[in-house]
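Below is one structure, written out as C-alpha cells; comments come after it.
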Amino acid sequence: MKSKRYTAAAMVSAFIVLISGIVLAYLSFLTSKEGRIDDTVLWYVAQCFIYAGSFFGIGIYAYATFDDIKARLGIKEKPPE
C-alpha cells in the first residue's frame, strides 16, 4: 500500500500543475494584444489537464473498485489503533 506521504505529494503536484496551466492560460489571454492564446500555451494547458485528470481519475477508480471488492467479500476495515 502506498504511503500517505507519497499520496499527499502526488496530490499537491497535481494541484500545482493544474493551477499553473489555468494561470498561464489567463495570463496569455490577458497579455495578448489580439486576445488570443498561443497554440503552445494551449498544448501546455492540455498536458496539465491530462496529468491532473489521470491522477485524480485513476485514484478514484481504484478506491471505488477496491471498496466494491471488499464489500462483496465481506471484508471490514480494522479501526485505527
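A few remarks follow.
- Within segment 27-52, the set of residues being part of a helix (DSSP H, G or I), surrounded by 11 or more Cβ atoms within 10 Å (Cβ to Cβ) and not small (Gly, Ala, Ser) comprises LEU27, PHE29, VAL41, LEU42, TYR44, VAL45, GLN47, CYS48, PHE49, ILE50, TYR51.
- Segment 1-48 - residue that is over 18 Å from the mean Cα position of the chain (by Cα) and among the β-branched types (Val, Ile, Thr) and, of those, modelled with the lowest pLDDT: ILE37
- Cross-chain or 6+ apart pairs with Cβ under 8 Å, segment 27-44 first and more than 16 Å from VAL17 (Cα to Cα), then surrounded by 10 or more Cβ atoms within 10 Å (Cβ to Cβ) and of a type in the set (Phe, Trp, Tyr): GLY35/PHE29; ARG36/PHE29; ILE37/PHE29
- When PHE66 is tested against (1) surrounded by 10 or more Cβ atoms within 10 Å (Cβ to Cβ); (2) not in a helix (DSSP H, G or I), just one condition goes unmet, and that condition is (2).
- Looking across segment 1-21, the residues that are aliphatic (A, V, I, L, M) and either more than 10 Å from ALA52 (Cβ to Cβ) or in contact with a helix residue (DSSP H, G or I) (Cβ under 7 Å, 6 or more places away or on another chain) (or both) come down to MET1, ALA8, ALA9, ALA10, VAL12, ALA14, VAL17, LEU18.
- In segment 49-81, residue modelled with the lowest pLDDT [restricted to those that are under 24 Å from GLY21 (Cα atoms) and small (Gly, Ala, Ser)]: GLY59
- Odd one out for PHE56 among (1) touching a residue at least 12 places away in the same chain (Cβ under 8 Å); (2) touching a Phe, Trp or Tyr at 6+ places or on another chain (Cβ under 8 Å): (2)
The values are calculated or read from the model by the stated rules, or taken from the named source; none is laboratory data. Every value quoted in this text rests on a predicted model; they were computed, and no experiment measured them. Glycine gets a Cβ as well: all are built from the backbone with ideal geometry, and neighbour counts include every protein chain shown.
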